[in-house]
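The values are calculated or read from the model by the stated rules, or taken from the named source; none is laboratory data. Here the structure is a predicted model, which means the values were calculated and not measured. Cβ placement follows ideal geometry from the backbone for every residue including glycine, while neighbour counts extend to all protein chains displayed. Heads up: the accessible areas ignore ligands, DNA and RNA and are worked out on the full protein's heavy atoms, side chains in. Shrake-Rupley method; radii C 1.70, N 1.55, O 1.52, S 1.80 Å.
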Amino acid sequence: MGEGMHRRVFLKGGALSLLTLGLSPSFLRRTALAAELPRVARGKTLIVLFQRGAADALNVLVPFGDRDYYAARPQLAIGSPARTNGASGAIDLDGFFGLHPAMTGFKALWDRGLLAPIQAVGSPSATRSHFDAQDYMETGTPDRKGTTDGWLNRYLAVKGTCESCTPSSSAFRAVAMAAQTPRILEGPAAVVAMNSIDEFSIRTNAGDAQQRLEALYRTGRSDVVHGSGRDMFEALKVLRAANPQQYRPAAAAQYPRSPFGQRLLQIAQLIKAGVGLEVAFADVGGWDTHVNQGGAQGQLANRLRDFSDSVHALVTDLGDRMDDVVILTCSEFGRTVRQNGTGGTDHGHAGAMFVIGGSVRSGMVHGRWPGLAREQLYDGRDLALTTDFRAVFAEVTARHLGLTDIDAVFPGYRGGIGGSDRWLGVMG
Amino acid sequence: MPLGHIARRTMRPTVLLVTVGIGAVMTGACAGTSAGIGARSGAMGSMQIDGAREQTADQQVQHVLHRLAFGPRPQDVATVRQMGVDAWVAQQLRPERVADPSVEPLLRQYRTLSYSADQLLQEYPPPGVALAQAARRGGGALSAQDSMQLRQQAREGARALGELASSRVARAVVSERQLEEVLVDFWENHFNVFAGKNITRYFLNDFDRTIRQHAMGDFRTLLGAVAKSPAMLYYLDNWQSVADSGRPVLQPIPPRLAARRGELVRRAARQRGATPEQMARVEQVTQRRRGLNENYARELMELHTLGVDGGYTQQDVIEVARALTGWTLARGGQGGGFVFRPQVHDAGAKTILGVPFPAGRGQDEGDKVLDLLASHPKTAQYIATKLARRLVSDTPPPALVARAARTFSRTNGDIRETVRAIVTSPEFFSADAYRAKVKTPFELVVSTLRALEAPADVTMRTAQVVSRLGQPLYGHQAPNGYPDMGDAWMNTGAILNRINFGLSVASNRLPGVRLSQWSAYDSLRTLGREAQVDGVIRLLLGDAASNDTRQILITGSNPLAAADVRAANGLAQIVGLAIGAPEFQRR
């Protein structure tokens, strides 16, 4: 009760002081609303995975049915499934698109009806800067640089915290498996950023130091410093009770030993520990393949194998829980249709995304295919955009997590499929 | 000339006084250390109230050392007490008169800190450039040796940013010109730039020098220096903002040349062996519809001068952006210094905040826009608010802000005088302001090192600790800079990290920090638990610990350990707990 009070007062005080700081009225409205909005449906989790560096969508979700694809990439193109036997060709999905041959893990998800690929999706901004494009995708406001918070944090702020949840369980409501809070989760709602679960502990072997630290925060004045400390000690207990150190992945799920694989393993741990995880985030680099990108084998193939195997392990490990979990993958933009002079591809425009979960509409590749003939390209060189990334983010957030105020999370978004009755349809 | 003579004459005694003051205090501190430590906290606290100030004399000493400095070193309290709070404040407002002998030798230990952007770009080319160069050498293939070399080069390149961040922390720890360091931190945050945006990091040594030069000077000069700094031109894209097509430019390019321009530039780039990344940029620049980029113009008004409610419109943003077209970098996206390019400067007439700007003006037009913004009453209000928030409290009293804003306007944006108006005010020394601010991670780390007399760390590790605590220097992506509000820094993860920071300090896991080097260590080590706790409360917590805190620190020690080991370990533990305690999170 006392702590609940404290939180609400804190929220209000925060909003008021933001006003004096000079943030926008809409931000204030969102923050103030947060205290009153209907509460989160329990048990749903959204995992956002960001491929930083601009993944080459055309070699991830291969348009083997488009002849222009092969003309543009004489060395880099992935062969069509019909012409190549076995491992070196694309893995056929629908007779036109296929997965990169290293993505056998994703193929297994497709076969189980859990995978919804989207082609020619991305940011409407014309920028080809990694920095700007990541910024736009994480703030959810393309071409608007002044946005201070990330869209996932705005979602958290708009939805408010779960009323029946204790402060301790909401400590892990939003977790970034990263050293720093990423842009996408920056903002007024509380977020835990950690490289690993082990990090969320008090590192002392000196007897009763932890108890005495806790006592220091339980006594004294009731201010934001003490309040945060009390919440933290509660959260520690929740995590300890869940005992994530003793974790064994289910169904013999094989996580790669890579940092990315291990981060996903820990997200699974948190979900299964029942700590109230609603939004999780992890990112993975290595996609900026200007040089020696490789085809069926090589640099990109290795990145994709790690990516696909890690996600596959996570889905396998979560088992039936995937009914309540959606995984969303994204990358800031795609790459040039033509290969460049150094065996790679340069910064492009539209890309590919995957939405994965028990409630997605699988069995088809979503999004309209704009074609790769020269006149169909963006700026004469890149895959054109037919789906705004916000259409996907908004649909997943609305239909999976129950967001109703789309405009508060994606301000100014009036896309062709922005209205709730005209979704792209990735969520069934 | 006579004036200068007088100034120098009056200055000399001041310097002398300072030297004497420090010398005297150091002796005093050494003598006082063992005697003073262990004395029960309240005993030394004098309750007299100084004039209209609500804070006690002792509180005032603590207050100025936490607001105009990054926390006290053990001897500082005695120094300020002896000099008098007001004299110390006046001295800090004149950093050029404060001897700062430890900084020059410190800076010499950094290899790349003195490098300019051009030197850095040459010695440590961006990884993309280096990679493509190597790939070309190898005919498209990279040998194992190449890739090892590239990785090495990239690591070395990242070092430069690490050195700058390290120097920021180290200077804040050791500099005697503490208020200047506080204001450097303030302005680098006010004019936030992000190292991670493409090649911005190469410009940051120069940017740091620019901010330092003007941190306590004239706001208009500072604003202009930032506007022309490659770091800001690059970070907020003004380097690529050009007149919209169809607009008259100051110096038109001949049409024949203009038509061939794209192809010429591309060919030239290919001939000089541009990397794929560079070629992409060339393509982008030559193919893109030429036009305005409003990014800098908007933040210039919203964040650097008027503030978000500063009364400007979207049309003003566009007009300011037009006035600043042609303010760019000599080598565009590859860097170089500030240049004005009349070929892309929008030469039309503009109206900005109701003020007409006639057609046909050049670089001076942008300078006039900066004059207009710097002298605007909303700017005075906004800068005064931010300074008062930094120096006084998260919600500074409006009357104080109004007075500071008037000083700012009256002195044409004299930063020193505006700060003076704030830090000599009754509001600054009010009871409400005392320990009202939550430390940022930077302040937490620096104040710890100062309290424990740790030497400056010239490695990157201490700066990395600041990063892990949530405040990587030059690592804030959005242009608004880090928040200066306590609640923004307080959440479960932050508290956990701060507690672990305290524990790592106490177990000598922080680079350069050895409790045994702390001057109080030897005298405290052999005392009883209660006396140890009181010493730590006095030296680290400025006597501001609650009775509960004192009791919690006193109780509990390992009864199985031998008595002397117990006492020494106990002291380290008390220090660790004190740094992790709620009281140490405030200043």
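Does B:ALA561 fit the bill of being away from every other protein chain (no Cβ under 11 Å) and either within 18 Å of B:SER523 (Cα to Cα) or modelled with pLDDT under 90 (or both)? Steps first, please.
Details: away from every other protein chain (no Cβ under 11 Å): no; either within 18 Å of B:SER523 (Cα to Cα) or modelled with pLDDT under 90 (or both): yes.
So B:ALA561 does not fit the description; no.
Looking across region A:384-415 at every residue that is within 18 Å of A:THR141 (Cβ to Cβ) and surrounded by fewer than 17 Cβ atoms within 10 Å (Cβ to Cβ), the one that is modelled with the lowest pLDDT is identified as A:GLY415. Being within 27 Å of A:ASP135 (Cβ to Cβ) and surrounded by 24 or more Cβ atoms within 10 Å (Cβ to Cβ) is a property that holds for A:MET177. Return yes when B:VAL445 is within 24 Å of B:ARG53 (Cβ to Cβ) and outside any loop (DSSP other than H, G, I, E, B) and no when it is not. Criteria not met by B:VAL445. With respect to the conditions (1) touching a Pro at 6+ places or on another chain (Cβ under 9 Å); (2) modelled with pLDDT of 95 or more, A:VAL360 falls short on a single one, namely (1).
Of all the numbered requirements in (1) more than 27 Å from A:ASP388 (Cα to Cα); (2) at pLDDT 95 or above; (3) among the hydroxyl-bearing types (Ser, Thr, Tyr), A:SER310 misses one, and that requirement is (1).
Within the bounds of region A:224-238, is there any residue that is more than 8 Å from chain B (Cβ to nearest Cβ) and not in a helix (DSSP H, G or I)? Checked against the condition, which is being more than 8 Å from chain B (Cβ to nearest Cβ) and not in a helix (DSSP H, G or I), region A:224-238 yields no hits at all.
Listed by first and then second residue, the pairs with beta-carbon distance under 7 Å, at least 6 apart or on different chains, first residue in region B:378-398 and more than 10 Å from chain A (Cβ to nearest Cβ), second part of a helix (DSSP H, G or I) and open to solvent by 20 Å² or more (accessible area, probe 1.4 Å), are B:ALA380/B:SER409. Go through region B:478-518 residue by residue and tally those that are away from chain A (no Cβ under 14 Å), under 29 Å from the mean Cα position of the chain (by Cα) and of a type in the set (Gly, Ala, Ser). Selection size over region B:478-518: 1. A search for C-beta distances below 7 Å between a residue of region A:174-191 that is at the interface with chain B (Cβ under 9 Å from one of its Cβ atoms) and any residue that is of a type in the set (A, V, I, L, M, F, W, C) and assigned to a helix (DSSP H, G or I), counting only pairs 6+ apart in sequence or on different chains, returns A:PRO188/A:ALA157; A:VAL191/A:LEU185. Cβ separations smaller than 7 Å between residues 6+ apart or across chains give no pair from region B:515-530 residues that are farther than 22 Å from B:THR448 by Cβ to residues that are in a helix (DSSP H, G or I) and acidic (Asp, Glu). The residues on offer are B:GLU96, B:GLU156, B:GLU123, and the sole one that is surrounded by fewer than 16 Cβ atoms within 10 Å (Cβ to Cβ), closer than 28 Å to B:ASP218 by Cα and free of Cβ contacts under 8 Å to residues at least 60 places away in the same chain is B:GLU96. Which numbered condition trips up A:VAL48, out of (1) open to solvent by 50 Å² or more (accessible area, probe 1.4 Å); (2) among the hydrophobic types (A, V, I, L, M, F, W, C); (3) outside any loop (DSSP other than H, G, I, E, B)? Among (1) open to solvent by 50 Å² or more (accessible area, probe 1.4 Å); (2) among the hydrophobic types (A, V, I, L, M, F, W, C); (3) outside any loop (DSSP other than H, G, I, E, B), A:VAL48 violates only (1).
Residues in region A:192-234 that are among the basic types (Lys, Arg) and in contact (Cβ under 8 Å) with a residue 12 or more places away in the chain: 2 in all. Quick check, is B:GLN251 out of contact with any Lys or Arg (no Cβ under 9 Å at 6 or more places or on another chain), more than 30 Å from B:VAL77 (Cβ to Cβ) and surrounded by fewer than 22 Cβ atoms within 10 Å (Cβ to Cβ)? No, not satisfied.
So that you can scan it fast, the table gives a plain yes or no per residue for (1) of a type in the set (Asp, Glu); (2) surrounded by fewer than 22 Cβ atoms within 10 Å (Cβ to Cβ):
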residue	(1), (2)
B:PHE338	no, yes
B:GLN343	no, yes
B:ILE352	no, no
B:PRO356	no, yes
B:LEU372	no, yes
B:ILE415	no, no
B:ASP432	yes, yes
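Looking at B:LEU131, B:LEU183, B:LEU161 in this structure, which one is within 14 Å of another protein chain (Cβ to nearest Cβ), surrounded by 22 or more Cβ atoms within 10 Å (Cβ to Cβ) and of a type in the set (A, V, I, L, M, F, W, C)?
After ruling out the rest, the residue left standing is B:LEU131.
Condition first: more than 12 Å from every other protein chain (Cβ to nearest Cβ) and assigned to a loop (DSSP other than H, G, I, E, B). Now tell me which residues in region A:334-355 satisfy that. A:GLY334, A:VAL337, A:ALA350, listed by residue number. Of note, A:GLN262 satisfies the criterion of being closer than 29 Å to A:GLY334 by Cβ, out of contact with any His (no Cβ under 6 Å at 6 or more places or on another chain) and not basic (Lys, Arg).
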